[in-house]
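Structure record follows, encoded as structure tokens.
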Amino acid sequence: MEKNIICTVCPRGCHVKVTLCGSEVTAVADYGCKRGKEYAAAEATHPVRILTTTVKMAGIENDLLPVRSNKPIPKERLF
């Protein structure tokens, strides 16, 4: 199986091809840097995201507080 991933580590936005055998990465191609290779392999097998949202503050009307998770959360758990 092959996945095409756009790398977001740097502004270049490389289109990286990741080849998988089951859930194991067998090859990574077309990356522009070492960080891009690592990002694409991780994104193909276990994607994670930082959660940013707002929460309503208790006792204050029409006021929302922006919040951000302190560590990445598995993408499948965001919704």
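The values are calculated or read from the model by the stated rules, or taken from the named source; none is laboratory data. These figures come from a predicted structure and were not determined experimentally. Ideal geometry is used to build each Cβ from the backbone, glycine not excepted, and the neighbour counts take in all protein chains shown. Remember, those area values only see protein heavy atoms, side chains included, never the ligands or the DNA or RNA. Shrake-Rupley method; radii C 1.70, N 1.55, O 1.52, S 1.80 Å.
Results, tabulated for the structure shown:
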quantity: In region 34-64, the residues that are out of contact with any Cys (no Cβ under 7 Å at 6 or more places or on another chain), among the hydrophobic types (A, V, I, L, M, F, W, C) and either in a loop (DSSP other than H, G, I, E, B) or within 19 Å of K75 (Cβ to Cβ) (or both); calculated: A41, A42, A44, V48, I50, L51, M57, A58, I60
quantity: Residues that are farther than 17 Å from H46 by Cβ, assigned to a loop (DSSP other than H, G, I, E, B) and either out of contact with any strand residue (DSSP E or B) (no Cβ under 9 Å at 6 or more places or on another chain) or not hydrophobic (A, V, I, L, M, F, W, C) (or both), drawn from region 2-32; calculated: C10, P11, R12, G13, D30, Y31, G32
quantity: L51 vs. criteria more than 17 Å from V9 (Cα to Cα), open to solvent by 100 Å² or more (accessible area, probe 1.4 Å) and hydrophobic (A, V, I, L, M, F, W, C); calculated: no
quantity: Residue match in region 58-68 (condition: small (G, A, S), open to solvent by 80 Å² or more (accessible area, probe 1.4 Å) and out of contact with any helix residue (DSSP H, G or I) (no Cβ under 8 Å at 6 or more places or on another chain)); calculated: yes
quantity: Search result, residues across region 65-79 that are part of a strand (DSSP E or B) and touching a residue at least 12 places away in the same chain (Cβ under 8 Å); calculated: P66, V67, R68, I73, P74
quantity: Region 33-49, residues that are without any contact (Cβ under 8 Å) to a residue 24 or more places away in the chain and out of contact with any strand residue (DSSP E or B) (no Cβ under 6 Å at 6 or more places or on another chain); calculated: K34, E38, A42
quantity: So K3, is it basic (K, R) and free of Cβ contacts under 8 Å to residues at least 24 places away in the same chain; calculated: no
